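Values quoted throughout were computed directly from the atomic coordinates according to the rules given, and no laboratory measurement underlies them. Note that the coordinates shown come from a computational prediction; the quantities given were computed from them, not determined experimentally. Note that we place each Cβ from the backbone using ideal geometry, even for glycine, and neighbour counts take in every protein chain shown.
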Amino acid sequence: MKQLVSICGVLLGVWCSSQAQTLLNQSELIYIKDTDFTVKGDFQNQGKIVNQGTVTVSGNWTNGNKYFASTGKFILNGDGTQVVRHNKDSFHILVLSGTGEKIWQEEAEVVKEVSFSTSILSTQTPGALIVRNGGIISGASATGYVNGLLFREGTGIRDFPIGKGGKYLPVTLTNIDGSNDVMIGFEIKEPNTGAQPGSAVQSVSQIRYAELSKRSGTLNGSPISLTIGSDETQTPAQDLIVAESNTQNGVYRNLGQGSLTGSTITSGFSLTGSFFALALSEPLDENSVFIPNAFAPGSSNSEEQLIKIYSDQLAPEEFEFLVFSKWGNVIFQSNSLAEMKATGWNGVNKETGELVSLGVYTFTARGKFINGKAFEKTGNITLIR
């Protein structure tokens, strides 16, 4: 039979330790100020606790009423499994130590800091760890991370130290553009069965994916970094990309490769989807882009009247298209890929507003493929009647 100890009262500047298997708080209020309150076993709170000191629990923690975080620190230091039910209250500082797994069965917020060492925090639906704007995560590593759903609030760079199946697979949003109250969650899930490659995507990892959940606020976008698992394809490195989809088993779009450092790959473009996976890009080169070498503005065929760009492999960012006269002067320029695909160049000199004369003109098109690789193509265009 478990030992049950009931407590009540106020603790001010006094160290307190209980070696009960289960400590039950039924008091109206426990006020912990400038003291260490240690429970070597389970702790059930059915009253109210104000924490301006340090609470340490080595067993299960159940908050059945109210826990006021104030400026206090809450330490879970068990070497065995610890089940946590925090009743959707906040922690000011949360420390996860000991070697035991922490099972999160309800949502709980951290206001200032959550510190990992050698403990894995596993969430069970509807459980989630929420780190509010201004809060930090420290000490995360292969031995201490969130195995489940982690939310973070705010813009700028946000790290999500998450993993799955004993593997540490952190996700990072490198530059969140959105409202200050935007709250974004990530969870690693396995497998990724049914994921389909889309345009310029050769194959998508069927092993795992990262799922994004938006809780509140406005998210306009951000590049995303994924961790490449040791069990996932890592070659050829130049063809590795981040791919996204709106559904887990849907068609995955190419977000490119902005950078590849060790086992971390960052997308070349900003995210718009909710499901993200490692993928391989279709080989892309200038042959993936078609630009006609002649046009006739007076033709009865509208497609022959213009110089357009034909490709679904180019990204709109950093695009430039230039046409030069035989003396090397720029007579047409566009920085809009959409414009060049829709209306193109009609042969009019941008400086004079007049149709250029018959002859041969040089062009340069440059920018990026949708896999993030640089693109440049040069050639000649002949204007005929």
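Between residue 162 and residues 5 or more places away or on another chain, which pairs have amide H atoms under 5 Å apart, with H built 1.01 Å from N, and which residues are they?
For residue 162, the qualifying residues are 146, 169, 171.
Give the lysines whose C-alpha is closer than 19 Å to that of residue 326, dropping any in the same chain fewer than 8 places away, or say none.
Partners found: 350, 377.
Search the structure for amide H atoms under 5 Å from the amide H of residue 349, placed 1.01 Å from N in the peptide plane, and list their residues when 5 or more places away or on another chain.
Hits under the 5 Å cutoff: 354, 355, 356.
I need 214, 326, 377 ordered by Cβ neighbour count within 10 Å, fewest first.
Arranged by neighbour count, lowest to highest, 214, 326, 377 become 326, 214, 377.
What is the set of long-range amide H partners of residue 38 at a cut-off below 5 Å, with H atoms built 1.01 Å from backbone N?
Close amide H contacts, sequence-distant or interchain: 16, 17, 18, 56.
Work out from phi, with θ = phi - 60° and the Karplus expression 6.51 cos²θ - 1.76 cosθ + 1.60, the ³J(HN,Hα) of each residue of region 342-354, listed in order in whole Hz, and give x for Gly and Pro.
Karplus values, whole Hz, x for Gly and Pro: 9, 10, x, 10, 9, x, 8, 6, 5, 7, 9, x, 10.
Excluding residues on the same chain fewer than 8 positions from residue 102, give the lysines whose Cα lies under 24 Å from its Cα.
Within reach: 2, 40, 48, 66, 73, 88, 112, 164, 167, 189.
Based on DSSP H runs of at least 4 residues, each adding -39500 (n - 2.57), what is the mean residue ellipticity at 222 nm of the chain after dividing by all its residues, to the nearest 500 deg cm²/dmol?
-500 deg cm²/dmol
Within region 258-330, which chymotrypsin sites (Phe, Trp or Tyr not before Pro) sit in a loop by DSSP and count at most 13 neighbouring Cβ atoms inside 10 Å?
Sparse-neighbourhood loop chymotrypsin sites (Phe, Trp or Tyr not before Pro): 327.
Using 7 Å Cα-to-Cβ label points, what is the residue 263/residue 87 separation (nm, one decimal)?
Distance between the two pseudo-spin positions: 4.1 nm.
Which option, [x] 0.99; [y] 1.19; [z] 0.96, is the value of Rg/Rh (Cα atoms, Kirkwood Rh) that was calculated from these coordinates?
For Rg/Rh (Cα atoms, Kirkwood Rh), the calculated option is [y].
Whole-Hz Karplus ³J(HN,Hα) for region 78-87, in order, using 6.51 cos²θ - 1.76 cosθ + 1.60 and θ = phi - 60°, x for Gly and Pro?
In residue order, the calculated couplings are x, 8, x, 4, 10, 9, 10, 10, 9, 6 Hz.
Normalised by the residues of the chain, what does the relative contact order come to in percent, with Cα pairs under 8 Å and at least six apart?
8
What ranking do 31, 145 get, fewest neighbouring Cβ atoms within 10 angstrom at the top?
31, 145
Tell me the label-point distance for the pair residue 385, residue 238, using the 7 Å Cα-to-Cβ offset, in nm and rounded to one decimal.
Distance between label points: 4.7 nm.
Can you compute the modelled spin-label distance between residue 70 and residue 28, with each label point 7 Å from Cα toward Cβ, in nm?
Using points 7 Å along Cα→Cβ, the separation is 1.7 nm.
Straight-line reach from residue 214: which aspartates and glutamates fall under 13 Å, measuring Cα to Cα and dropping same-chain residues less than 8 apart?
Counting by Cα, and skipping residues close in sequence, residue 214 has these aspartates and glutamates nearby: 153, 181, 187.
Taking the Cβ-Cβ separation of residue 220 and residue 305 as r and a Förster radius of 51 Å, what is the calculated FRET efficiency to the nearest 0.05?
0.85
Calculated FRET efficiency, residue 376 and residue 157, Cβ-Cβ r, R0 30 Å, to nearest 0.05?
E between residue 376 and residue 157, to the nearest 0.05, is 0.45.
In region 359-385, whose amide N lies under 14 Å from the spot 7 Å out along Cα-to-Cβ of residue 333? List them in ranges.
Label zone hits: 364-366.
Please identify the GluC sites (Glu not before Pro) of region 294-332 that satisfy two criteria: DSSP loop assignment and at most 11 other Cβ atoms within 10 Å. Which are they?
none
Treat the count of other C-beta atoms within 10 Å as a stand-in for reagent exposure and order 226, 260, 76 from fewest to most.
Final ranking by Cβ density, sparse to dense: 260, 76, 226.
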